[in-house]
Amino acid sequence: MNPTLSRRHFLRSSTSLIALPFLESVGFRRFVSAAAGSAVNPKRLVFLGLGWGLTTETWFPDPTQTGSDYTIPKGLEPLARHKADFTVLQGLTHRFVNAGHQGSTFWLTGANQFAVPGKSFHNTISADQVAAAHFGLKTRFTSLQLDCGTYAGNSGHGPGLSLAWDASGKPVAGHKTPVEAFHRLFSSDDMPLDKRKALLRRRHSVLDTVLEGAHDMQRGLGKNDTAKLEEYFDGIRDIETRLSKDEQWLEVPRPKAPITEPKPGLAGYQEIKLMYDIIAAALQTDSTRVLGYRQPVDTLLTSLDIKVAPHDMSHYHSTMAEKLDASQRRDIAQSELLAGLIDKLKATKEADGSSLLDHTTIAYGTNTRTEHNGDNCPTLIAGHGAGLKMGQNLVLTRGTPLCNAWLSLLKGSGVPVERHGDSTGVLKELMA
């Protein structure tokens, strides 16, 4: 078989199109580097955002035990078997973020909410969408957003529809249930191909008509209205981009799901576990290379039979035993779930025998911690896709921009970016 053929291959007859399995000899998930003459697997990035912070006293390792020789703290004990595959970062902060009830709104952006005069809310592009613009050209889905939906407020996330914010600082919607995400990735469209093509043409026609009318309106508008109309044009351009992407993949069948269809109605611990399974399946089938998941907290507590309200739990003190216990149990459950995801990525093999984890980087954390403090943002980086130093407890100078971590992750993954948010440079201690 000719290795210069397209990475996607199909058996065709006069009436049908059948996707071939993923074959190394025709280049699936493997690209030959002309310079090095070696096989290169694509990079993947996964962002897992938490709300209401984490328990300062028992989630962070002892700051005096730096480097690889540190004791796993109570909140990370379920991850002990993966100690060589993750690094904990201490001292990171978002300079402009002091909103204690917005654990993920600015987590991946580092934006100043009040940067635009006259506006009470402003955001910028999130790190995952920076990566998606680079990695999303070769996959069906530029990126995939997963979300806790109506639970976002009770889970301490703040404004947004997922972890993702687009280039205009607008929220990107996420799939709210495992069932919804599963069908988005793996359910085939039973509509005949000619009808799907006609529907896309109709959508393009509607967009052209609307855009022409909007341009006619632009003449003679005031400054504020012109700005609003520009935002509208940005939205139209985003829709046009998505329609173009749909056209490219119109005749390409969706891959067979490597997992069974999730049951509806699951919440909390089991819901998060299923979402992690879907993340692994999306990476395994190369449906996307960038994913973000804004996780539920309130339903997680309910599934753990914790009676303390999520917001109250985040205001524990050392003398409030019930709230402290709830916070610590939440940390351990989340670490168990993350350990399970890492297990799955390790067990899933690439064509060359390496694992998915070898080519994936996971960012896990939040921009708040105990009692809504916005300094020392809990941050854990796992996986080897970005070539960062794993197995470390890195204690950085207090006030180091969290966006320095995102810049390091992006550059390590091969994204051509020189800065992100309020970054001042890469974290040299993290770079291999």
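The values are calculated or read from the model by the stated rules, or taken from the named source; none is laboratory data. Worth saying up front: this structure is predicted, and the values here are computed from it rather than measured. Reconstructed Cβ throughout: ideal geometry from the backbone, glycine too, with neighbour counts over all protein chains shown.
When residues in the range 365-380 are screened for being part of a loop (DSSP other than H, G, I, E, B) and not hydrophobic (A, V, I, L, M, F, W, C), 9 of them pass.
Does Q145 satisfy being part of a helix (DSSP H, G or I), of a type in the set (S, T, N, Q) and either in contact with a Phe, Trp or Tyr (Cβ under 6 Å, 6 or more places away or on another chain) or in the same structural domain as G365 (by TED's automatic domain parsing) (or both)? Spelling it out, it is not the case that Q145 is part of a helix (DSSP H, G or I), of a type in the set (S, T, N, Q) and either in contact with a Phe, Trp or Tyr (Cβ under 6 Å, 6 or more places away or on another chain) or in the same structural domain as G365 (by TED's automatic domain parsing) (or both). Looking at A132, is it buried (at least 21 other Cβ atoms within 10 Å of the Cβ), in contact with a Pro (Cβ under 8 Å, 6 or more places away or on another chain), aliphatic (A, V, I, L, M) and farther than 24 Å from L301 by Cα? When the stated conditions are applied, A132 does not pass them.
For the range 19-35, the criterion of being at pLDDT below 50, charged (D, E, K, R) and assigned to a loop (DSSP other than H, G, I, E, B) is met by at least one residue. Set side by side, the residues A132, A99, A167, A111 differ, and just one is among the aliphatic types (A, V, I, L, M) and either closer than 20 Å to A382 by Cα or touching a His at 6+ places or on another chain (Cβ under 6 Å) (or both), which is A132.
From the list L301, L356, L324, L338, which one is more than 24 Å from F60 (Cα to Cα) and crowded, with 18+ Cβ neighbours inside 10 Å? Spell out how you get there, then give the answer.
Numbers: L301 fails: more than 24 Å from F60 (Cα to Cα); L324 fails: more than 24 Å from F60 (Cα to Cα); L338 fails: more than 24 Å from F60 (Cα to Cα).
One residue alone meets the criteria, L356.
Out of all the residues in the range 61-73, is one or more part of a loop (DSSP other than H, G, I, E, B), under 30 Å from D312 (Cα atoms) and in contact with a strand residue (DSSP E or B) (Cβ under 7 Å, 6 or more places away or on another chain)? For the range 61-73, residues part of a loop (DSSP other than H, G, I, E, B), under 30 Å from D312 (Cα atoms) and in contact with a strand residue (DSSP E or B) (Cβ under 7 Å, 6 or more places away or on another chain): present. Checked against (1) in the same structural domain as L274 (by TED's automatic domain parsing); (2) of a type in the set (A, V, I, L, M, F, W, C); (3) surrounded by fewer than 23 Cβ atoms within 10 Å (Cβ to Cβ), A432 passes all but a single condition, namely (1). Restricting attention to the range 363-373, does a residue exist that is at pLDDT 95 or above, closer than 16 Å to Q90 by Cα and of a type in the set (A, V, I, L, M)? Yes, the conditions are met somewhere in the range 363-373. Within the range 134-159, the residues that satisfy the criterion of being aliphatic (A, V, I, L, M), touching a strand residue (DSSP E or B) at 6+ places or on another chain (Cβ under 9 Å) and farther than 26 Å from N98 by Cβ are L144, L146.
Restricting to the range 108-124, give me the number of residues that are surrounded by 15 or more Cβ atoms within 10 Å (Cβ to Cβ) and hydroxyl-bearing (S, T, Y). Adding up the residues that qualify gives 2.
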